[in-house]
Amino acid sequence: MRRTLTALLIATLAISLSGCGAGTSASTRNITQVTDGVEATISTNGNNIKLVNILVVATAQGAGVLVGTVVNSLPAEDALLGVAINGQVATVTGTNALAQNTPIIFEGASANSKAVVAALGAKAGEHVQVTMFFAHAGEVTVQALIRDQRDTYAGITA
């Protein structure tokens, strides 16, 4: 009898302590974004292009500078044809080729490309549309946060 009671107590504790009773609305199931940047994926028509940590930095002069990374994880090469920030075509310089697992990095120590709009037309804390156009994958639009030019983004210039 004592063994049965002990086994029943252990089973009850195991179920209640493991969180199985929380159901589908458990707080650990809720996804929390841990960065300011947004992410998106183009995975249609044989493409697999990922946008990672996309955001815009507003400079003191009113320009908008794109920050983030674009990665193509498939063998078929693609190309970034252009970027629009807040409805304006950005000036893109640097690399635009998207070979497999060779990212396009906007800003930072290993940046190989830059996208800038001269007059952003929005301020830090707001969200703006950022659209990227690709040769094969088409286009993708995200709502990116605007950060001001301080802390991590202090060295970013137009």
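For this structure, a couple of remarks:
- Against the test of being acidic (D, E), under 17 Å from the mean Cα position of the chain (by Cα) and closer than 13 Å to V92 by Cα, the options E139, E107, E126 yield a single qualifying residue, E107.
- Segment 31-53, residues that are surrounded by fewer than 15 Cβ atoms within 10 Å (Cβ to Cβ) and in a loop (DSSP other than H, G, I, E, B): I31, T32, Q33, V34, T35, S43, T44, N45, G46
- Of the residues making up segment 103-140, those that are of a type in the set (V, I, T), closer than 15 Å to I85 by Cα and free of Cβ contacts under 8 Å to residues at least 60 places away in the same chain are V116, V117, T131.
- The one condition in (1) modelled with pLDDT under 95; (2) closer than 15 Å to G37 by Cα that S73 fails to fulfil: (2)
- Verdict on V56 being buried (at least 16 other Cβ atoms within 10 Å of the Cβ), farther than 17 Å from A154 by Cβ, out of contact with any Asp or Glu (no Cβ under 8 Å at 6 or more places or on another chain) and in contact (Cβ under 8 Å) with a residue 12 or more places away in the chain: no
- In the set (1) surrounded by 23 or more Cβ atoms within 10 Å (Cβ to Cβ); (2) free of Cβ contacts under 8 Å to residues at least 24 places away in the same chain, the condition left unmet by T95 is number (1).
- Entry remark, segment 136-149: residues being assigned to a loop (DSSP other than H, G, I, E, B) and of a type in the set (S, T, N, Q) number 1 in total.
The values are calculated or read from the model by the stated rules, or taken from the named source; none is laboratory data. What you see is a predicted model; the values in this text were computed from it and never measured. Methodologically, a virtual Cβ is constructed for each residue, glycine included, from the backbone with ideal geometry; neighbour enumeration extends over all protein chains shown.
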